[in-house]
Every structure is written in C-alpha cells, then in structure tokens.
C-alpha cells in the first residue's frame, strides 16, 4: 500500500464533485492512509458528514468553533501530524481564499495555519467558464507561486451540460497524483521514452501473430518515471491497461509502427527504456483479405521477414549524440544469466533488465536482474510497480554518475 500510515487531511468544498470525494476517501483508506475529513459548510449541501465519517473511520470536522478538541484549536491540531493536505473538490471560491490567505472558516484557516513542511494540494472542480475566468487564472498563478500543487483539472462534460476544462480528476487519478507527490523527483527535468506491451503482426485482416506480454511492467515503468518527475512518452502495443496519469501515450499495432514512432520521437529524449515484447519477424505475404480454408485442409504458406531491432537502432544513435541513455529488457525462458549478459553486449547498451518471461507474463509480481558493465544485480521478487521504482532509481544513479564524468 503506497500510502500506508500516511496522515492525509482531505478537505471538501462546495461542488457536485463531492460525490467523487467519497470515492476518493475510500480509495485513500484502501491505500493504507489515515484520512481526516474537513468539510466547508457548502460541501455539506452535496454530501453528508455522516457518509464521510463512515468512509474515513474518523470524526468529520465542519465547524471552526467545534468544541470536541479540548483546546478548541482544530485549525491547529488537525495539521500538526499531517503528511499532506488535499482539497478535493476545490471550488473557485476556495482557490480565491487560498490565493489571498483568507481564513474565515475551519478549512481555510487550517490551510493557512498548516506547518510549512506539510504540502497542500488542490483538485479544482468548477464550470469551464469559471475556470477560464481571468480572476481564477490569476489565482491559479498565485497558488503555483506559493508552492501549492494543482491536481488537474480535467476536460470533459460537466454537470451543467457544458464541456471543457474544470472537471475534477477521478479518484484513481488523484490517488496516483498523491502517491507521486511523496516520491523523490530523481528524474526531474528529464524526458523518457518507453515502449510497452506486445506487437501484433497481421496474417490477414482478422488473424495475426502476437505474444503473451500484458504490458504491465512497461506501464509500471512509465508511471514510476513520471512519479520521479520525468516527462514521459509511452509507445504501447495493444493492451487493455489504463494510461498512467500524466503520461503521454501513443498506441501502435505492429513492430514497424512502433519502430517508426520511436525513431520519430527519440531526438531530445534523455532515457529510452525498451520494455515492449517486439516481434522479431512479420509476415511478408500477409493477405489483404481473409484467408479461406483450402480444400483438403492445407495450411497457408507464410513467408517471414525480420523486423527492425528498435533497441539496437536507438543504441546506435546514442553512440553519435550521447543521448538517450538506453535500457533494454530481455524475457528469456532459460539460461537468463548467460543470455542476459550476452544480449546487453550485443545490443551495445549500458543496462539490460532480464527476467524469465513465461513465468511473469500477465502477473503482478516479478523478479528482475540488472546487467551492466560491472556484472549483475538481482532485484528480489516484488510487485511490478515497486520493481519499476527501483529500476528508475538505478537509472537516475547512473545518469548522475554519467553527468559527473562528462
């Protein structure tokens, strides 16, 4: 659980998006967080304090003059042990209060009185015209200047019937944002390009050749890189996985399409991580029409041609420019120690991640081995996001050492 034992003050202000706050509270608790809910008076018109108390398991505070605390200082005591404050939804009016240091109710007062070590995050939720209003945008700039982090808003249809920016992020997206806020920004300012998932090589319009890669590891690496502060582009083969929040995703089908997208976007990237299980061959004589069964049951004669080696091609560009730092993945069915070390040298890359593929495809956990010029390092079995974060940390260390040497 990424938020285990974290103390989160969840503030609610007036808005129909309060229904999402109930789901968010439940999700935070499932992540192991201890959630203390504080509601503005307006928020109570959209969701009840009893509901939020049931979901958080903690008493809910709504009144600046609440006498349940012995010293009558809820605005002080509620944040002294907090790890973060998240106001979701955050209305345009409450953003105004924060921008101007107003303290006229419990929630605004505790935000102003919070210790400097406690980060304040807000999830805007309002009508598109309210969001785009010049006064709101001035307040946004002030909040950012004051070090307050904005999660969103998102664009889409709104309760008023209009469409545009102003929607509060979904609960799972806010959880991702909050988890990311606690991660070390070891790749801040870096651009990272990642491939993930399988490729699909057509035989005809309805059939093709693919593999069992689920894409889970590649998507975990993309999320971990974004958590570490990087600008992340994810080139993905066909998967059913949701895009990690804040990651730019480009969907492809075939190995050739993946190659073309990667090579078109590789310039200016600091890191390339080739996690995708790319097909080594494609069908040279693929049919434009569905291949019918031949009389007598004969199988169609397929001819194959080798696909371009994306990782080796990117590595070759690195030798000329110095960037990007290349990381490859190798899924083997046997002799991983020998094959992994040999593949790293053959590809001409500084770091290769090896695992036993058939045992990990589609699974949520893995064991991986890092091969570099000094030997190998085993990262013990863990969930794939934990391993991805460890990998990103190792990449960041190598980038730092490389910067010191150049």
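As a proxy for reagent exposure, 6, 185 were ordered by neighbouring Cβ count within 10 angstrom, fewest first; the result is 185, 6. Give, as ranges by residue number, the residues of the range 140-175 whose backbone N falls under 18 Å from the point 7 Å along Cα→Cβ of residue 26. The answer is 169-175. With R₀ fixed at 56 Å, the C-beta to C-beta distance from residue 133 to residue 305 puts the FRET efficiency at about 0.45. For the chain, the antiparallel share of DSSP beta bridges with both residues in that region comes to about 30%. For the pair residue 112 and residue 401 in one chain, pulling the backbone fully straight at 0.36 nm per residue adds 99.9 nm over the alpha carbon distance.
For residue 251 and residue 165, compute 0.36 nm times the residue count separating them, minus their Cα-Cα distance, and round to one decimal in nm.
Net length gain for the segment: 28.5 nm.
Annotation: the antiparallel percentage among DSSP beta bridges lying fully within the range 191-405 is about 40. The long axis of helix 310-321 is offset from the longest Cα principal axis of the chain by roughly 80 degrees. Roughly what angle does helix 384-405 make with the longest principal axis of the chain, taking Cα atoms, 0 to 90 degrees, to the nearest 10? The two axes meet at around 80 degrees.
Annotation: the residues 203, 85, sorted from fewest to most other C-beta atoms within 10 Å of their own C-beta, follow the order 203, 85. With a simple spin-label model that places each label point 7 Å from the Cα along the Cα-to-Cβ direction, the separation between residue 210 and residue 293 comes to 2.4 nm.
Calculated FRET efficiency, residue 319 to residue 376, Cβ-Cβ distance, R0 = 25 Å: about 0.60 to the nearest 0.05. Please find, in a Gaussian network model of the chain (springs between Cα atoms separated by less than 10 Å), the residue of 97, 30, 346 whose mean-square fluctuation is greatest. Checking each option, the largest mean-square fluctuation is seen for 346. When both bridge partners sit in the range 7-181, DSSP labels roughly 20% of those beta bridges antiparallel.
Sorting the segments 160-166, 324-330 by their residues' average number of neighbouring beta-carbon atoms within 10 angstrom, most packed first, yields 324-330, 160-166.
Calculated FRET efficiency, residue 16 to residue 364, Cβ-Cβ distance, R0 = 30 Å: about 0.30 to the nearest 0.05. Compute the helix-to-body angle for 255-265: its Cα long axis versus the longest principal axis of the chain, expressed 0 to 90° and rounded to tens. The answer is roughly 60 degrees. Recomputing percent of Cα pairs over 30 Å apart from the coordinates shown identifies the correct label among (1) 56; (2) 51; (3) 61 as (2). The ranking of 45, 376 by Cβ neighbour count inside 10 Å, starting from the fewest, reads 45, 376.
We did not get these values from a lab; they are worked out from the coordinates using the rules stated. Note that this is a predicted model, so its numbers are computed, not measured. Neighbour counts are summed over all protein chains in view; Cβ atoms, including those assigned to glycine, are modelled from backbone coordinates with ideal geometry.
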